[in-house]
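Novice: Let me begin by handing over the structure; questions about it come next.
The values are calculated or read from the model by the stated rules, or taken from the named source; none is laboratory data. Predicted model only: the values in this text are computed from it and were never measured. Here the Cβ positions follow ideal geometry from the backbone for every residue, glycine too, while neighbour counts run over all protein chains shown. SASA here: full protein model, heavy atoms, side chains in, ligands and nucleic acids out. Shrake-Rupley method; radii C 1.70, N 1.55, O 1.52, S 1.80 Å.
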Amino acid sequence: PADKPIEPADVIVVLAGGYERTLYAADLYNQGYAPKVWVSRSARENISLQLAKLDISLPREEDIHREILLRKNVPSNAIEFFGEGSVSTAEEAHVLRSKISNAKLRLIIVSSPAHLRRAGLITSNALRGTGISTQMLPTPYENFDPQWWRDQGSARMVVLEIAKLIYYLTGGQFYSSKR
């Protein structure tokens, strides 16, 4: 529930998908909720790879995430990246489980409001039996109308999330070739 207080944690985890998530992770760090921020390293978009062939370079997402955190006063020694080009929430969750191994950590996982339910389901399934506890928090920086059917952007996110949830619940999971 939205009115549930945020519990202190060992790590704030930022799932790939939007810089709004990183903005909120920095806020949580600066409010003292955790001493570390881990950011998922997502796969590069195809357009970045195509432009690189033309010797046009776009900044890597991880460089932008790092810059956001640094500019919002998160020290570099508190920032860590995990994964090597994850292509899905399922892959992020499995990489996170591998990274944590047997540690009993408390995680705050930041995602978008529309993504939160599916991300929570996938993460809890991936971390089942580990003793790792998670809190799922939606970033307040993303424009998401709770009456999503009235807003085109919010409706697009909800429809996409429903499709992705159905895919996951029927056994579908995307993984990069690195797995």
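Novice: Could you tell me whether any residue of the stretch 77-87 is among the β-branched types (Val, Ile, Thr), out of contact with any Asp or Glu (no Cβ under 6 Å at 6 or more places or on another chain) and at pLDDT below 85?
Specialist: yes
Novice: Just to check your reading of the model, which residue among Ser154, Ser112, Ser124, Ser98 is of a type in the set (Ser, Thr, Tyr), free of Cβ contacts under 8 Å to residues at least 60 places away in the same chain and in contact with a Phe, Trp or Tyr (Cβ under 8 Å, 6 or more places away or on another chain)?
Specialist: Answer to the check: Ser154.
Novice: Would you pick out the residues in the stretch 57-99 that are of a type in the set (A, V, I, L, M), open to solvent by less than 70 Å² (accessible area, probe 1.4 Å) and under 25 Å from Leu169 (Cβ atoms)?
Specialist: Ala90, Ala93, Val95, Leu96
Novice: Can you pull out every residue in the stretch 42-76 that is modelled with pLDDT of 90 or more and among the polar types (S, T, N, Q)?
Specialist: Result: Asn73, Ser76.
Novice: Give the residue, chosen from Ile64, Ile56, that is in a helix (DSSP H, G or I) and over 15 Å from Ile109 (Cα atoms).
Specialist: The conditions single out Ile64.
Novice: Of the residues that sit in the stretch 104-119 and are farther than 16 Å from Pro146 by Cα and either touching a helix residue (DSSP H, G or I) at 6+ places or on another chain (Cβ under 9 Å) or at pLDDT below 90 (or both), which one is surrounded by the most Cβ atoms within 10 Å (Cβ to Cβ)?
Specialist: So the residue we want is Val110.
Novice: Okay, next question. When residues of the stretch 120-179 are filtered for being part of a loop (DSSP other than H, G, I, E, B), open to solvent by less than 50 Å² (accessible area, probe 1.4 Å), over 13 Å from Ala90 (Cα atoms) and touching a strand residue (DSSP E or B) at 6+ places or on another chain (Cβ under 8 Å), how many remain?
Specialist: Residues that pass the stated criteria total 2.
Novice: I've got another one for you. Return only the number of the condition from (1) open to solvent by 50 Å² or more (accessible area, probe 1.4 Å); (2) assigned to a helix (DSSP H, G or I); (3) free of Cβ contacts under 8 Å to residues at least 60 places away in the same chain that Glu20 does not satisfy.
Specialist: Result: Glu20 fails condition (3) only.
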